[in-house]
Each structure stands twice: as C-alpha cells, then as structure tokens.
Amino acid sequence: MALQQIIDRRLSGKNKSIGNRERFLQRHKEQVREAVRRAVDGRGIRDLQRGEDVHIPKKDLSEPVFGHGDGGVREVVRPGNTEHVKGDRVAKPKGGGQGQGGGQASDSGEGDDDFVFHLSREEFMQVFFEDLALPNLERTQLADTPEWKTHRAGYTGDGNPTNLHIVRSMRGALGRRIALGTDKRRELLELEERLAMLKHENQADHEVKRMLLETEARINHLRQRLKAIPFLDPIDLRFRNRVRVPVPTSRAVMFCLMDVSGSMDEGRKDLSKRFFILLYLFLTRHYEKIDVVFIRHHTQAQEVDEQNFFHATETGGTVVSSALVLMEEIIQSRYPRSEWNIYGAQASDGDNWHHDSGRCRELLADKILPLCRYFAYVQVAEQEQNLWDEYSKLSQEVRHFAMRKATEVSQIYPVFRDLFKKESSAK
C-alpha cells in the first residue's frame, strides 16, 4: 500500500507556528483576557493599540505524565553517598518537588518562573473588542455604486502575463502535440518496419530499390513534419480568468457629538475624548465600510475633522440642539436611511440652556431617532441637570436610545462596553 503525504502549502507569513499559537491562545483564554483587563486599567486610551505581555503560571502549563508507583524491588546507586548503606529507607524531601522548594523562591537562584509571551497588536485588539458590536446592524440595499468582488471564473485564452497559468498552458501544449502527431507517428512506425523488411530483400531488384527510395523519402518527410510541430503555441496559453460581481454591502455611519462649551472643563473634555477615541478604535477595527462624522458644539455646531475634534479648544455657552440640528441636516443630505445604518453617540456634562433641553428631546424623538438604529448619550458629570431629565423621559419610551454616566477615567471602559455589548451577551 502506497503512503500518502499531505503537504499544507497555505501561506502563514513568517510565523510558521501560527496554528500552534492560536491553539495556545484558545487554551489559555481566561489568562489572556485577565491580562488585557489589567492592561486597560494601567494604560492610557491612546496606548490601547500596543501589544501586551501575558504571564501564565508554570503550574498551569503542566502536562499529565505517567509515573512509577511505589512497590517492587529496586536498587539504585546514588553518587556521593556517605550516609546510607544498603537496606536503609530514604525519606522523601520535605515539601515535594524533589528539592525545588515547591515552587517557592530560594537563595540558590533556583525556582519556577512564569511563562511569558507577547500578545501582538492585532491579538490584543481582538480580545479587547471580542464581545462588542454595533446594535441592530442590518444589511441595507446596494448603494448606487455597488461594491465589487473578484471571483475566479475558469481560464481564458487572453489575459495579462501575470495571470498566465503555466501548468494549464503546458498541459494544453502537450495535448496539442499529441493530437497533431499521433497519425504521423503511427505512419512513421509502419514505414520504419517496412523499410527494415525491404533492406532484407534483393537490393539489385529495381522495384525493391524504388520502394526503398520512396519509403526513405516518406520517412524523412514525416520526421520533418513532426519537428515542425511547435513545442508551445499561442493557442496553448491559458490565463486565469477573474470576473467582478456586485456584492451586497452593509454600510454604517457613526455621528460623534461632543460639547466643548465653557462648562466643560479639561477633565470632562478628557473623559469625552477618551470615550470617542475608544469608540473610534472600535469602529475602525470591526467595520471597514463605515463613515465617522465628528460634530463639536457650544452655542453653534460645526462639523470638523478628527484632529480638530479631539484637540481643538473652544469656550462659550451651550446650546445642545444646534448639534442635533446639524446631524439631521447631514443625514438628509448625505446619508439616506434606505442606504445607511445610522448611529449616534453624544458626550456632554449635561449643562444646557434651560429652554433648549425640551427641544433636544423633541429633535431626538421626532427627527433623529426615527432615522437611527442606535443612539448613546454619555454624561461626564455626576449632577443631573435638565438635559439628563429630558433624556431620561426619552430612554423609557425608545428602546434604541441609551444613556449612562462616566465621571472618572476608570468608568469610561465599563460604560463603553455596557453601551455597545453584543445583543447575545445582553440577554
């Protein structure tokens, strides 16, 4: 019976042990999660995309082994023995571990160290966001300019040289040469046998001589015809054929609204920035086809880029409704609900012009929330002011509107996870 050998030729980059690494991470998933949680508590939001060292106690890496039980007659020779003679019973070392102190520290430099390995940036972010998702994400209709995906569709006779399939081309050339030369080789073989028979007959006979000349001429002609068959002809070339087909694409847009008025001191602005930076990292990692719209507001709202949203400073009063009005205008002009999954996130200290808070609730209820799949409000101050009171009424009526408080840096990540946890984990 012939042995079969299977060779895995899938590309795994420079890391040839990627399969073993994935199995190891799966096996020690809880320790990895704990290391990520400790890293989140001990580093800034802007440093979240770094990797992390994971320590696993040596005892957790032990493998089951077979050992000899007590019993039987055994004689051993211990080098350097000056205390025992034959027949003495030697007691086991106290504490176990054959003298290693049970894994405790010692003054001899011997002991058990933790196993340490490094989580890459991608692995760290995967564990960090593994149970988070945009709520109610649905597939909308194809956009006006559909997304295209390339699929293999057999082979074609024309194409780019980079797509040339050498094996398929050589196979076709071999088949063509066989097809064109089969009859000629068969006739050539018959003529060579006939020539051999004629050479054994009387060479003085004119008829035999004539037949010899004709046979040799025909053999030479056939050999020239066989040599004229090209080894590789343009008709043999086969190129990989790829076709573009439209695929449905799920598109989403996230609106980030932040209060930058005078009542928002640097500490509160820092909390808001941390929340949005965390949100931005989450969105850009999990969703390739997603737009992020940044809106800053005090008495007036303005759409800005990422740099100005996180770093520019403003002072002045607060009119929260200005940001909601601008958000509704942008949705109507650029993001029709029939083609986009729309999400909103707002951060504020809750301070607002008294007569404006009711208008904010009305704008959300009548204009924004009917267009959105989810809207999250984060208040970075403990005191509940009129804006919080108005939003609380709305949260009891609308299922896809959520609000939380975060007054300390340590609360940002738990609040974020609570707002964007997967629906399956929320049940």
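The values are calculated or read from the model by the stated rules, or taken from the named source; none is laboratory data. What you see is a predicted model, and the numbers here were worked out from it, not measured in a lab. For neighbour counting, all protein chains shown are included, and Cβ atoms are generated from backbone atoms with ideal geometry for every residue, glycine included. The accessibility values were calculated without ligands, DNA or RNA, using every heavy atom of the protein model including side chains. Shrake-Rupley method; radii C 1.70, N 1.55, O 1.52, S 1.80 Å.
Couple of notes before you dig in:
- In the range 352-378, the residues that are open to solvent by less than 50 Å² (accessible area, probe 1.4 Å) and either touching a Ser or Thr at 6+ places or on another chain (Cβ under 6 Å) or over 30 Å from SER410 (Cα atoms) (or both): ASN352, ASP356, GLY358, CYS360, LEU363, ALA365, ILE368, LEU371
- Taken over the range 282-305, the criterion of being modelled with pLDDT of 70 or more and either part of a loop (DSSP other than H, G, I, E, B) or among the charged types (D, E, K, R) (or both) is satisfied by LYS289, ASP291, ARG296, HIS298, THR299, GLN300, GLU303, ASP305.
- PHE416 fulfils the conditions (1) open to solvent by less than 10 Å² (accessible area, probe 1.4 Å); (2) within 18 Å of ILE295 (Cβ to Cβ); (3) assigned to a helix (DSSP H, G or I); (4) not polar (S, T, N, Q) except for a single criterion, (2).
- Where a residue in the range 366-392 is in contact (Cβ under 8 Å) with a residue 40 or more places away in the chain and farther than 21 Å from TYR335 by Cα and its partner, wherever it lies, is of a type in the set (S, T, N, Q) and not in a strand (DSSP E or B), with Cβ under 7 Å and at least six apart: VAL380/SER272; VAL380/THR407; ALA381/THR407; LEU387/ASN352; LEU387/SER357
- The range 180-239, residues that are outside any helix (DSSP H, G or I), open to solvent by less than 100 Å² (accessible area, probe 1.4 Å) and at pLDDT 85 or above: ALA228, ILE229, PRO230, LEU232, ASP233, LEU237, ARG238, PHE239
- Exclusive hit being modelled with pLDDT under 85 and either closer than 16 Å to MET327 by Cβ or in contact with a Phe, Trp or Tyr (Cβ under 7 Å, 6 or more places away or on another chain) (or both), set ILE412, ILE368: ILE412
- Residue in the range 331-349 that is closer than 23 Å to GLY262 by Cα, open to solvent by 10 Å² or more (accessible area, probe 1.4 Å) and free of Cβ contacts under 8 Å to residues at least 60 places away in the same chain present: no
- Residues of the range 162-175 that are part of a helix (DSSP H, G or I) and either touching a Pro at 6+ places or on another chain (Cβ under 8 Å) or touching a residue at least 40 places away in the same chain (Cβ under 8 Å) (or both): ASN163, ARG168, SER169, MET170, GLY172, ALA173.
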